[in-house]
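J.: Just dropping this structure here.
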Amino acid sequence: QKEVEQNSGPLSVPEGAIASLNCTYSDRGSQSFFWYRQYSGKSPELIMSIYSNGDKEDGRFTAQLNKASQYVSLLIRDSQPSDSATYLCAVTGGYQKVTFGTGTKLQVIP
Amino acid sequence: DTAVSQTPKYLVTQMGNDKSIKCEQNLGHDTMYWYKQDSKKFLKIMFSYNNKELIINETVPNRFSPKSPDKAHLNLHINSLELGDSAVYFCASSPRDGKDGYTFGSGTRLTVV
C-alpha cells in the first residue's frame, strides 16, 4: 500500500464548478497535511496546510481533514482555467519527512 | 529575489560523467532537502539537512552525495551518471522540520544520454 494515495485523474470540471480532490494516507501518526499545486514544467507551490480535523478555508480553496478516516481533501470553488494543474497531497509523518502522493491532474474546461 | 534558487536549470550529459547541482535559499530556513521527481511526477525524498547536519538519507545509490557548506546551501553531486538518473531534481527548504511546508526551487532537469 502506498503511503499517500491520490487518484491520478485527469479530473475534468467545467469552469465555475467545484473541483473535489481526495487523498488518503496510511500513517496514523501523521501530523501535518499539505496541498501543493504544480503547473506543467514548474515546481510545486504550497497552497494549503491543515493540522487538525475539520475544514480550513482560504479564498476559493477549502482543505478538509479527517484523521479517523485518514483522509484529506481539497475543494476548489468557482474553478478557473488557471486552476488546471497537478495537485499534490503531502503528509508529514516521521521526523522531518514529508511524503507526497502521485498527484491528481485537474483540467478546468472553459 | 528568488527564495530558493537552483543551478543549472537544465543538464544534459553522457553516461558515466560526474555532475553537480547547486541550491541556495535566502529565506533563513534551517532545513533543506533534495527531492527527485520521475517521469510519472512522483516526488521522492532523497536527503534532508538541518543546519548543515544530515537528517534524512533515503535509499539512494552511493553515487549521490549531498554537501551542505552552510545552512543556506545544499549541493548534490552525482558520480558515474546512469540513464535511470534522468529526472527533475528539486531542492526545497522549510523553516521548521517540514511542519510548515516547503518552498521549492525551480528544479533541475537532468537528462543522461
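The values are calculated or read from the model by the stated rules, or taken from the named source; none is laboratory data. For clarity, every value in this text was computed on a predicted model and none was experimentally measured. Don't worry about glycine lacking a Cβ; one is built from the backbone with ideal geometry, like all the others, and counts go over all protein chains shown. With ligands, DNA and RNA removed, areas are computed over all heavy atoms of the protein, side chains included. Shrake-Rupley method; radii C 1.70, N 1.55, O 1.52, S 1.80 Å.
J.: Looking at the stretch A:57-110 only, could you name the residues that are among the basic types (Lys, Arg), more than 18 Å from A:Leu11 (Cα to Cα) and away from every other protein chain (no Cβ under 13 Å)?
T.: A:Lys67, the sole residue that qualifies.
J.: Something else now. Output the residues belonging to the stretch B:36-56 that are farther than 16 Å from B:Asp97 by Cβ and open to solvent by 80 Å² or more (accessible area, probe 1.4 Å).
T.: B:Ser39, B:Lys40, B:Lys41, B:Lys44
J.: Go through the stretch A:62-110 and count every residue that is touching a helix residue (DSSP H, G or I) at 6+ places or on another chain (Cβ under 6 Å) and open to solvent by less than 60 Å² (accessible area, probe 1.4 Å).
T.: Summing the residues that are touching a helix residue (DSSP H, G or I) at 6+ places or on another chain (Cβ under 6 Å) and open to solvent by less than 60 Å² (accessible area, probe 1.4 Å) in the stretch A:62-110 gives 2.
J.: Now for a separate question. List the number of the failed condition for B:Cys91; all other conditions in (1) surrounded by fewer than 16 Cβ atoms within 10 Å (Cβ to Cβ); (2) modelled with pLDDT of 95 or more hold.
T.: (1)
J.: Considering each residue of the stretch B:53-67, count those that are within 14 Å of another protein chain (Cβ to nearest Cβ) and of a type in the set (Ser, Thr, Tyr), and give that number.
T.: Going through the stretch B:53-67 one residue at a time, the tally reaches 1.
J.: Would it be correct to say that A:Glu57 is of a type in the set (Asp, Glu), within 30 Å of B:Leu54 (Cβ to Cβ) and free of Cβ contacts under 8 Å to residues at least 24 places away in the same chain?
T.: no
J.: Listed residues B:Lys44, B:Lys36; which is outside any loop (DSSP other than H, G, I, E, B), at pLDDT 95 or above and under 25 Å from A:Leu88 (Cβ atoms)?
T.: The unique qualifying residue is B:Lys36.
J.: Can I ask one more? Looking at the stretch B:1-33, which of its residues are assigned to a loop (DSSP other than H, G, I, E, B) and of a type in the set (Ser, Thr, Tyr)?
T.: Matches in the stretch B:1-33: B:Thr2 only.
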